[in-house]
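One structure below.
Quick note: the coordinates plus some simple rules give every number you see, no bench work behind them. Predicted model, so just to flag it, every value in this text is computed and none were measured. Glycine gets a Cβ as well: all are built from the backbone with ideal geometry, and neighbour counts include every protein chain shown.
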Amino acid sequence: MSEASKIIGEAVRSGRKFLLEPEANIVCAEYGIPLARGGFAREPSEAVRIAEEIGYPVALKLVSPEVIHKSDVGGVFLNLKDPADVEEAYKRIALNLKEKMPKARMLGAFVQEMAEPSVEVIVGMVRDPIFGPVLMFGLGGVFVELLKDVSYRIAPISLKDASDMVKEVKAYPILKGYRGGKQLDIDSILDVLLKASRLAVDHKEIASLDLNPIIVYEDGIKVVDAKIYISI
């Protein structure tokens, strides 16, 4: 049995509706989805050790089986520049959680590199009761929130399907290098769409998948946040 199957199966058996961030990252990594570097820490000193290995600045994010939207409970701290910042952020996350959700458990925190900024895209999946897994692609920020500039395909998808999805969004010229801008790594976007498709097809327990944001560079991409919701 694959590690992804074990993690998803355990979440189903325990009645959890989503995977913890370290779990979601393991599942995505098994499918070759490129993630921003990070590690799970159970205490402040471990968080500092991981941050030192990754290199500053880093982000620190709450890991709790009761909390999926970490920012809502003060569970995310960004641009931490040294060990003192990391230790303080870890303690603040614990205090914020105790104040806003006293019954929630803090298992630890996920330490993650602060990825260099660039154009952001989104890859998502929802499992339709009739059509099965439906993939979504869009550019991030205002393009998806305000303009609803997204495209859809039913999984499994082919390389041509992935290419068509990317070309269909109105903001596609930004990826191609609009008005003298640098062309970004569209091939890596196609690759992550194909891998997300395979993940959704392989694991019918996954109700939805949200890779957002994915930062796209001239060479390569990095998934900064991966959310996987489970059907129970």
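Checking the cross-link pairs Lys17/Lys61; Lys6/Lys70; Lys6/Lys195; Lys167/Lys204 against a 21 Å limit on the alpha carbon distance flags Lys6/Lys70; Lys167/Lys204 as lying beyond it. Placing pseudo-labels 7 Å out from each Cα toward the beta carbon at Glu52 and Asp72 gives an inter-label distance of 3.7 nm. Each residue of segment 77-86 was assigned a 3J(HN,Hα) from its phi angle through the Karplus curve 6.51 cos²θ - 1.76 cosθ + 1.60 (θ = phi - 60°); the sequence is 10, 10, 6, 7, 9, 7, x, 4, 4, 5 Hz, with glycine and proline shown as x. Converting phi to 3J(HN,Hα) with the Karplus coefficients 6.51, -1.76 and 1.60 and the offset θ = phi - 60°, segment 173-186 yields x, 5, 5, 7, x, 5, 6, x, x, 7, 5, 9, 7, 5 Hz in sequence order, with x at every glycine or proline. Give the cross-link partners of Lys170 among the lysines, using a straight C-alpha distance below 21 Å as the criterion and excluding same-chain residues fewer than 8 apart. Reachable lysines: Lys148, Lys160, Lys182. Once the Cα-Cα distance is subtracted from the 0.36 nm per residue extended length, the Lys167 to Lys100 segment shows a gain of 19.8 nm. Segment 86-148 and segment 17-31 have their alpha-carbon centroids 12 Å apart.
Rounded to the nearest Hz, the phi-derived 3J(HN,Hα) couplings of segment 62-74 under the Karplus curve 6.51 cos²θ - 1.76 cosθ + 1.60 (θ = phi - 60°) are 4, 10, 8, x, 9, 10, 9, 9, 5, 5, 5, 10, x, where x marks glycine and proline.
By the Kirkwood approach, averaging reciprocal distances over each pair of separate Cα atoms, the chain gets a hydrodynamic radius of 18.4 Å. Taking 0.36 nm per residue of separation and subtracting the Cα-Cα distance, full extension of the segment from Glu145 to Ser158 would add 2.0 nm. For segment 89-227, the Cβ-based charge dipole about the Cα centre amounts to some 560 debye (Lys, Arg positive; Asp, Glu negative; other atoms uncharged). Comparing mean-square fluctuations of Val12, Val123, Val58 from a GNM of the chain with C-alpha springs under 10 Å, the top value falls on Val12. Calculate how large, on average over all directions, the projected area of the Cα convex hull of segment 1-134 is; give the answer in nm² to one decimal. Directional mean of the projected Cα hull area for segment 1-134 stands at 9.8 nm². About its Cα centre, the dipole of segment 137-183 is roughly 220 debye, where the only charges are +1 on Lys and Arg Cβ and -1 on Asp and Glu Cβ. For Glu218 and Glu88, the difference between the fully extended length at 0.36 nm per residue and the C-alpha to C-alpha distance is 43.3 nm.
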